[in-house]
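Report on the structure given below.
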Amino acid sequence: MHGSPLHVPACRSLAYVRAITVNTTTQMREALRVASLTKTYGDVVAVRGLDLSVWAGECFGLLGPNGAGKTTTIEICEGLLEPDGGDVEILGRRWATDGRQLRERLGISLQETQLSEKLTVRETIRLFRSFYANGRSVDDIIAAVQLEEKRDGRVGQLSGGQKQRLAVACALVGDPELLFLDEPTTGLDPQSRRQLWDLVEKFRATGRTIVLTTHYMDEAERLCDRVAIVDHGTVIALGTPHELIASLGAAHVVEFAVAAETPLDVASLATLDGVSDAAAEQGVAGRYRLRSSELHRAVPSLLAMLGTRNVPLTELTTRSASLEDVFVALTGRHLRED
Amino acid sequence: MKTEPGASGVGPQLSGRRFADRSLVQLTLNRFREFYREPEAVFWVFIFPILLAAGLGIAFKNRKADVTKVAVLATAPNAAVIRDAVARDSALSPELLDDSASARALRTGTVAIVVVPRADGTVEYRYDAARPEGRAARTLADIAVQRAAGRTDPVAAHDVQITEPGSRYIDFVIPGLLGMNLMGSGIWGLGFAVVDARKKKLLKRLVATPMSRAEYLTSFLLQRLSLLIVEVVVLLGFGALAFGVPLRGSLWQLGVICLLSSLSFSALGLLIASRAKTMEAASGLMNLVMLPMWILSGVFFSATKFPAAIQPVIQVLPLTAVINALRANILQGAGLSDVARPVIVIVAWLVVSFLLALRLFRWR
């Protein structure tokens, strides 16, 4: 249903983006390299031939819908899962031979860990600190994650955002060179998300490397230097958020709706003045999406066409293109199907 | 340069670290915090066994002063005279009841016997000969009635009552309760904590750190052994002070038996918890393991009461071995060589459970 013309230019420019990225960064040090990674659970292929390169000092995001294989990938990198095939090299080392040293140098926050509710914040961080030969002081970490007021409060009494900051504190206490965050802000309120983002940005500012997974496009756009869009266990696009959005060829998105009884022809929408391509929203009759780099021409020509055909407009919004649009352009689906 | 810690996790680079900041110390400290911040756990481990011992002790202590209730048919002639005759035996407590009330009292066991004086001067006894207290009441009531009527005993008798500490029921049951407590706290204490940590993905999070896995498991044992000292002292101390339960064996040997027993049950708890992912699965398995032992292993009555055919099974159960060893030490003053058999059984369970648990244990 959605217009196929939308795909061709998008894919072509993504390939271009990938080439640029590799060329400009070959002299940088790799913090993480993943090659031809595969992992299968029974009949379900979670990861199929996934490749990644993360440079030291960057914040790298794995963006994709639930079930895309992000968590499986990151847990293999963390040494918690055995891959079925492929190769993982972290900080120049491999899990099979250097597991013990790697544990000292990585910080990890898992998706669903519940820390012991009967311990206090300070006791929990002190426990995690005791596992590392070197690291930051407990009070230093408590200040870094802004939990000073909750220092002696039980973990069970913390809010969702505070618990998540405590989880990150436990990841930071060993002063890691590489930090893995799996869905760090899922289920948090907007203010808690911003506090967590600040925390990640501060860590990033010290020149350390971060690999995070998320299914929030705004999170990836805000935090990540580069993003790999993951779907069905492989990387389908890679680049900086800016490059990925630019690869769409149009900076703006016009979304509108008309009565379902009066459908419009996608091909004729795409030929409108100022419109680069058009698509019908999947699953919802009468909703369309246009891409445009010149809103001042696209919107009047759309309105003129609807006026000529006497099709009443029920909804009209315009916005800047986002990583969500990149995902939609590549897969025809949304990141969050809701 | 990062140095690699030794297998124990306490490598030379940590030698300068403060004792309290070592991971084994921190892990063990937090074990204790999680324990005493859970009031229910404290109740089941320390208070419950004492309440149980106190309840059983009181129930069986009062038995000595028990009086047997006797009904005298109120409508019979001379009922009051017969009642007074029976009342002279302090072990009997007669009361006058009419026909239907006395029949009901006998049926429900409220009285052991109904005494019916007949018009011709003879006495009729109604009781259930299948019940020991019925037969005893028949003998006592008859003696009282005959003596009141003028019978004299040709041989004078003198009663000397003896209560020997060590042969009463409370003496029997205290080692049983101690064994049961060691089993419960070992299996529950370790099993639930491990499964809870696995369910909350805390185990997975911990193995993502450089934490030594051996230290993690050791912290459970250290907590267990510290609580063990309190448990044993509290229960045996209560038995000795409140009921005069003797401690006839060597105390250090008693300590060795308790230590081995606790380690053995902890290993069993670890084995039960090695794979279970939910509390429901874990508590089902624990009940499956513990219930047969509560019944068969001789906590409340001797395990030898069960048929000879299943004795070989009963004797190799860990709780049977623990209770046999504890009773032999506490009540008979037996030395370690006398309890070699049960101690070997305990150690065998410890070794086999621990090795199996290490093989099967899942950290995720």
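Values quoted throughout were computed directly from the atomic coordinates according to the rules given, and no laboratory measurement underlies them. Quick caveat, the model's predicted, so the values are computed rather than measured. Using ideal geometry, Cβ is built from the backbone for each residue, glycine included, and neighbour counts are taken over all protein chains shown.
Table for the structure above
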{"read-out": "Pairs of alpha carbons in chain B whose separation is greater than 38 Å (percent)", "value": "41 percent"}
{"read-out": "Residue-span extension gain [A:VAL311 to A:ASP225] - 0.36 nm each, minus C-alpha spacing", "value": "26.6 nm"}
{"read-out": "Spherically averaged projected area in nm², based on the convex hull that wraps the Cα atoms of region B:215-315", "value": "8.8 nm²"}
{"read-out": "Computed E for B:ALA348/B:LEU247 - FRET, C-beta separation, R0 30 angstrom, nearest 0.05", "value": "0.65"}
{"read-out": "Cα-derived Rg over Rh, computed across region B:315-364 with Rh taken as Kirkwood radius", "value": "1.17"}
{"read-out": "Alpha-carbon spread of the protein assembly as shown, three principal axes, descending order, Å", "value": "133, 71, 51"}
{"read-out": "Pairwise centroid distance, computed over Cα atoms, of region B:102-130 with region B:258-324, Å", "value": "47 Å"}
{"read-out": "Top of A:ALA220, A:ALA237, A:ALA260 by mean-square fluctuation, Gaussian network on chain A, Cα under 10 Å", "value": "A:ALA260"}
{"read-out": "Long-range tail of P(r) for region A:278-338 (Cα pairs > 19 Å, %)", "value": "37 percent"}
{"read-out": "Neighbour-count ranking [beta-carbon atoms within 10 angstrom, fewest first] of A:TRP197, B:TRP252", "value": "B:TRP252, A:TRP197"}
{"read-out": "5 angstrom amide H check on A:ALA31, placed H, neighbours 5+ away", "value": "A:VAL54, A:TRP55, A:ALA56"}
{"read-out": "Helical segments meeting 24 Å axial Cα length and Kyte-Doolittle -1.0 threshold in chain A (DSSP H)", "value": "A:7-25"}
{"read-out": "Per-peptide average of other Cβ atoms within 10 Å, ordering A:223-235, B:263-275, B:88-100 highest first", "value": "B:263-275, A:223-235, B:88-100"}
{"read-out": "Potential lengthening between A:ASP139 and A:ALA56 on full extension [0.36 nm per residue; Cα-Cα distance subtracted]", "value": "27.1 nm"}
{"read-out": "Chain A: mean projected area of Cα convex hull, nm²", "value": "19.5 nm²"}
{"read-out": "Added length on full extension, which subtracts the Cα-Cα distance from 0.36 nm per residue, B:ALA309 to B:PHE19", "value": "98.9 nm"}
{"read-out": "Region B:98-195 - convex hull of the alpha-carbon atoms, volume per residue in Å³", "value": "181 Å³"}
{"read-out": "Pair A:LEU295, B:ASP84: separation of 7 Å Cα→Cβ label points (nm)", "value": "11.6 nm"}
{"read-out": "For region B:247-364, projected area of the alpha-carbon convex hull averaged over all directions, nm²", "value": "8.1 nm²"}
{"read-out": "Fewest-first ranking of B:TRP44, B:TRP349, using other Cβ atoms within 10 Å as the exposure measure", "value": "B:TRP44, B:TRP349"}
{"read-out": "Order of A:GLU82, A:GLU89, A:GLU104 - criterion: other Cβ atoms within 10 Å of each residue's Cβ, fewest first", "value": "A:GLU82, A:GLU89, A:GLU104"}
{"read-out": "Relative contact order for region A:110-266, counting Cα pairs under 8 Å that sit 6 or more residues apart, in percent", "value": "18 percent"}
{"read-out": "Using a Förster distance of 60 Å, the FRET efficiency for B:LEU225-A:ALA251 (Cβ separation, nearest 0.05)", "value": "0.30"}
{"read-out": "Relative contact order, percent, region A:237-307 [alpha-carbon distance under 8 Å, six or more residues apart]", "value": "32 percent"}
{"read-out": "GNM top mover of B:MET286, B:MET183, B:MET211 - chain B, alpha-carbon springs below 10 Å", "value": "B:MET211"}
{"read-out": "Choice from A:GLY174, A:GLY42, A:GLY307 with maximal GNM fluctuation in chain A (Cα, 10 Å cutoff)", "value": "A:GLY42"}
{"read-out": "Degrees separating the helix B:340-360 axis from the principal Cα axis of chain B, which is the longest one", "value": "40 degrees"}
{"read-out": "Shape of region A:188-314, Cα gyration tensor, a/c cut at 1.5", "value": "prolate"}
{"read-out": "Amide H contacts of B:VAL123 (H built 1.01 Å from N, under 5 Å, at least 5 apart or other chain)", "value": "B:ARG118"}
{"read-out": "Estimated FRET transfer efficiency when R0 is 51 angstrom, pair A:ARG100-A:ARG319 (beta carbons, to 0.05)", "value": "0.55"}
{"read-out": "For A:GLY85, distant residues with modelled amide H under 5 Å away", "value": "A:THR38"}
{"read-out": "Whole-number percent relative contact order across chain A, with pairs defined as alpha carbons under 8 Å at least 6 apart", "value": "22 percent"}
{"read-out": "Cα centroid separation, region A:132-204 to region A:287-338 (Å)", "value": "39 Å"}
{"read-out": "Spacing of the two label points (7 Å from each Cα toward its C-beta) at A:ARG333 and B:TYR169, in nm", "value": "6.9 nm"}
